[in-house]
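Worksheet: the structure to be examined is printed underneath.
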Amino acid sequence: MAKHLKLGKQAERVAEEYLRRNHYQILDKNYRTGKAEVDIIAQIHQTLVFIEVKSLRRTRFGFPEEQINNHKINMLSEAANQYQIDRKWDKEIRFDSISITFLPQATKLEHFEDAFL
């Protein structure tokens, strides 16, 4: 597996552990519909949360959350719409991002609620 794919999987595991510690119920991981994908779908209280996880090894050229572009947001929205239809979900939803930077001295995680849409 390529290094960047291993890093992405590691970041998703770190994000999932963080979400569980913060009382989120993980409903789905790597949910796909067509070309659209959501890294983690979780629920907290009565809110369905679609979460994009981004990671980097350094911040020299920017931060992980800055890599979420309009195309990715549109793909997340498409997947979220289909997920809601499939699950007959008619309550509140939210789009979050989790940014993870694997620095030599520590791993830094930032959770952005209502990050887009």
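List of remarks:
- Enumeration of residues in the range 83-108 that are buried (at least 16 other Cβ atoms within 10 Å of the Cβ) and more than 12 Å from the chain's Cα centre (by Cα): Tyr83, Ile93, Thr101, Phe102
- Filtered residues of the range 98-108 (kept if out of contact with any helix residue (DSSP H, G or I) (no Cβ under 6 Å at 6 or more places or on another chain) and either among the aliphatic types (A, V, I, L, M) or part of a loop (DSSP other than H, G, I, E, B) (or both)): Leu103, Pro104, Gln105, Ala106
- On the stretch given as the range 13-51, residues that are assigned to a strand (DSSP E or B), under 13 Å from His111 (Cα atoms) and small (Gly, Ala, Ser) total 0.
- Single residue of the range 52-76 satisfying the filter (part of a loop (DSSP other than H, G, I, E, B) and modelled with pLDDT of 85 or more) that is farthest from the chain's Cα centre (by Cα): Asn69
- Criterion: touching a residue at least 40 places away in the same chain (Cβ under 8 Å), closer than 15 Å to Gly8 by Cβ, of a type in the set (D, E, K, R) and in contact with a strand residue (DSSP E or B) (Cβ under 7 Å, 6 or more places away or on another chain) - qualifying residue of Glu78, Glu92, Glu110, Glu65: Glu65
- Every condition in (1) modelled with pLDDT of 95 or more; (2) surrounded by 15 or more Cβ atoms within 10 Å (Cβ to Cβ) is met by Thr33 except one, and the failing one is (1).
- Of the numbered criteria (1) free of Cβ contacts under 8 Å to residues at least 24 places away in the same chain; (2) closer than 17 Å to Asp39 by Cα, the one Ser97 fails is (1).
- Hey, Asp90 of a type in the set (D, E, K, R), more than 24 Å from Ser55 (Cα to Cα) and in contact with a Ser or Thr (Cβ under 9 Å, 6 or more places away or on another chain) or not: no
The values are calculated or read from the model by the stated rules, or taken from the named source; none is laboratory data. It should be emphasised that the depicted structure is a prediction, and the values quoted were computed from it without experimental measurement. Cβ atoms come from the backbone with ideal geometry, glycine included; neighbour counts cover every protein chain shown.
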